[in-house]
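I have placed the structure first, in the form of structure tokens, so that the comments after it can refer back to it.
The values are calculated or read from the model by the stated rules, or taken from the named source; none is laboratory data. Remember, predicted model here, so these are calculated numbers, not experimental data. Neighbour counts run over all protein chains shown; Cβ positions are idealised from the backbone, glycine included. In case anyone asks, the SASA skips ligands and DNA or RNA and just uses the protein heavy atoms, side chains included. Shrake-Rupley method; radii C 1.70, N 1.55, O 1.52, S 1.80 Å.
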Amino acid sequence: MPALVLPSRRLHRAVLAALAAVALALLPTAQAWALAPVPGGVPPRPSAPASPDPALQAHPLASASSPLDNPLKGFARFYSPGSDQNTGYPRSLTWSYFGLSEVMTDAADCSKYNWSIIDDALNEIASYGNQAAVRLYLEYPGGSGSHPGNAIPHCFDGHVTYRTNSSWGTTSPDYDNAYLLSALSGFVAAFGARYDGDPRIGFIHLGLIGLWGEWHTWPYDTDTADGLPNYMPTDAHAAQILQAYDNAFGKTKLELRYPDAAAGAATNRDIGYHDDSFCYREGSPLAGVTLPQSLGGAGWAQLQRALSAGAENKWITASMGGEVRPEIQPSAFVSWPGGSGQVDDMKACIELEHTTWKINEGSQSYSPSDPNVAAAVRLMGYDLTVGNAYFKNTASGTTNVGVRISNNGVAPFYYPWTVTLGLKNSAGSVVKTFDTPWDLRTVMPLKIRAFPDWGVGSDPTYRDYGYPQYFQTGVNLSGVPNGSYQWVLRVKNPLETVSANAKKLRFANATQGADGWLGLGPVTVGTGGTAAQYEAEAAGNTLTGGAVTAACTACSGGAKVGYIGNGDTLKVNGVAGGTGGTRTITIAYTTAEARTFTIAAGGGAPVTVSAPSTGGWNTVGTVTATLSLNSGSSNSLTIANPTGWAPDIDRVTVA
């Protein structure tokens, strides 16, 4: 039987979830989420980026609509073994549950794991070019269709007390039991050791605790006034599971159902949130379960909890996932950008939560040409566009290339995927590539919507937040035949190492190709005698000792190399000497005091250079030296000071 929940079972789950949500609304204010309101408030803007090198020509790029199936954002549908994962509305994510008993299969030993059920699913999902979002659970009312309702491993038998949740027909283990907590912590450690950073996985929901792994056991919860015992773990024990996940996963993004779970223990950890009743309204009068009270939400709504925990800005570093409430999936975007009936203000939900992705099984019936759905999907997560590329129209040797990237979505891209520059020839073949150190995680949304609770304006109020982020790096064109080329750029999806069908991250630009390469503009490669620049921080250079790369907003590439001297050196590699002979070397540097340094070509004798104060460590000055270089592009320039500190180095120019 496929793992996909059958329609009747999905409806059953939706009805049960609705009952649970109503009950949660009636719980007393003594609950953990009823913390004193301490909104995080308006987040400070990130530092402004560096400016483009004025020596480079600007090449504007036309914008266009981004694709609807960009990786790690938008909608996810349930995993169904053997079914086409790419039917219905375009997407790049697939959601799957797993019962813990399907992995922890040895009845005599809780430290042994059989990962095959997870690996089989991940491999099939990856074969369609998609990444997975997953959750493991112990109790699932009725089962999922092919995963068990009772997923308590048999190795718990005799060690852990089991209770019956008669409202759901599930068996609930004692989540405060020391044996259970030790076994779960051991599982999480092994889970992370095997899957942290696995390119097949995009997001992991912590799961494990409560019904469906959703961190609630209603009605057997802290509201014991109804005469029912509390089946949830103490906050301290729940925090142990949070800590185990945080310790085990340093790369793959984690998500938790409630911002205030375990008394808000996730607030200061790298764990995002997962609203699985997204943008729903219920009760009489209708109240939202996502938006805060200031926008008509209930006191226990997801964003009200986040505000009360001071966690409404977690999206800056941690992803926001979840599920569009099943009852409203067919009509969730009919009234976009607002809502109607049980559908709350959808645009406000996405903008204030900073939604990256949502389970939405109902999206299978959406039309790819529906403008409302497309607008919502593009707003979710990142939506990147390159406004300008910066490079010399004619270049040789080492030259600089830069791009200015803006984010029109509501969240950053959360992974450090490699950004690669390339040269395409007239036949459309990429003949040379250059990996860059550029980090897309720093490209923050240009605008953010303010919570009314912040008191900075009537709703909706939008505030400037991110900037068009400027990136620049030096590349060595040695070995590239003279001729006409096009600069191109792409972002490498690590899933490409597993599946040739991996979805490409694509920009909202007219020159974006389906192959992942974004056209930046034409360039002529030639050896015409023009000066060549070499960035000190370029990836191909050699830093010894304590020499390090540091940010520098005034520097040409937005960075420099410091702590050179006293035996620590910077060697600029791949310097082109043309036909060889004497060359003028211009060294751009920063220093708040007068310093000296030496510069040597290859194994030649070093030349001592005086570097007057530039007036500050973020102010660039230049000095020159004359050196003899060999022909070709295998020269190196070593900057040092054997007895003191040298200035910080921005770049060198060879003419």
Nearest 20 debye, what's the magnitude of the dipole of the chain about its Cα centre given +1 on Lys and Arg Cβ and -1 on Asp and Glu Cβ? 2060
Hits among lysines - C-alpha to C-alpha of Lys571 under 29 Å, sequence gap 8 or more where chains match: Lys392, Lys432, Lys492, Lys560
Roughly what % of Cα-Cα distances in segment 122-176 sit above 14 Å, to the whole percent? 63
Taking a crude spin-label model, label points 7 Å out from Cα along the C-beta direction, the Ser340 to Thr161 distance in nm is 5.3
With N residues in the chain, what two-decimal value do you get for its Cα radius of gyration over 2.2 N^0.38 Å? 1.09
Kindly state, as a whole number, the per residue volume in cubic angstrom of the convex hull around the alpha carbon atoms of segment 418-469. 109
Using alpha carbon centers only, segment 235-296 is separated from segment 416-446 by a whole-angstrom value of 35
Relative contact order computed over segment 460-527 (Cα-Cα under 8 Å; 6+ residues apart), in percent: 37
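Ser613 to Thr542: FRET efficiency via 1/(1 + (r/R0)^6), r the Cβ-Cβ distance, R0 30 Å, to the nearest 0.05?
Once rounded, the FRET efficiency stands at 0.65.
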Can you tell which of Met320, Gly521, Ser335 lies farthest toward the positive end of the dipole of the chain, using +1 and -1 charges on the Cβ of basic and acidic side chains (Lys, Arg; Asp, Glu)? Gly521
Please give every one of the lysines within straight-line cross-link reach of Lys314, meaning a C-alpha to C-alpha distance under 23 Å, and leave out same-chain neighbours fewer than 8 residues apart. Lys73, Lys251, Lys253, Lys347, Lys358, Lys447
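Can you show me the helix-derived [θ] at 222 nm for the chain, built from DSSP H runs with n ≥ 4 at -39,500 (n - 2.57) apiece and divided by the number of residues, rounded to the nearest 500.
Numbers: 8 runs with 91 residues, N = 655.
Mean residue ellipticity, 222 nm, calculated: -4000 deg cm²/dmol.
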What is the spread of the Cα atoms of segment 98-234 along each of their three principal axes, largest first, in whole Å? 50, 29, 24
Distance from the Cα centre of segment 598-653 to that of segment 181-215, in angstrom? 51
Values of log10 I(q)/I(0), in the order q = 0.10, 0.15, 0.18, 0.21 Å⁻¹, for segment 295-448 under a Debye, Cα-only, solvent-free model: -0.50, -0.89, -1.12, -1.37
What span do the alpha-carbon atoms of segment 533-655 cover on each of the three principal axes, reported in whole Å from largest to smallest? 38, 28, 24
Report the dimensions of segment 412-565 along its three principal axes from the alpha-carbon atoms, largest first, rounded to Å. 60, 48, 34
So what J values fall out for segment 126-133 if you push phi through Karplus, 6.51 cos²θ - 1.76 cosθ + 1.60 with θ = phi - 60°, rounded to Hz, Gly and Pro as x? 5, 4, 8, x, 9, 9, 9, 10
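Can you give the percent of C-alpha pairs in segment 220-348 whose distance is more than 23 Å?
Tail of P(r) above 23 Å: 40 percent of Cα pairs.
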What is the Cα centroid distance between segment 478-545 and segment 307-334, reported in whole angstrom? 36
Where Tyr414, Tyr563, Tyr467 fall by accessible area, highest first, once all protein chains stay in place (1.4 Å): Tyr563, Tyr467, Tyr414
Sort 192-200, 268-276 by the packing proxy (mean of other Cβ within 10 Å over each peptide's residues), most packed first. 268-276, 192-200
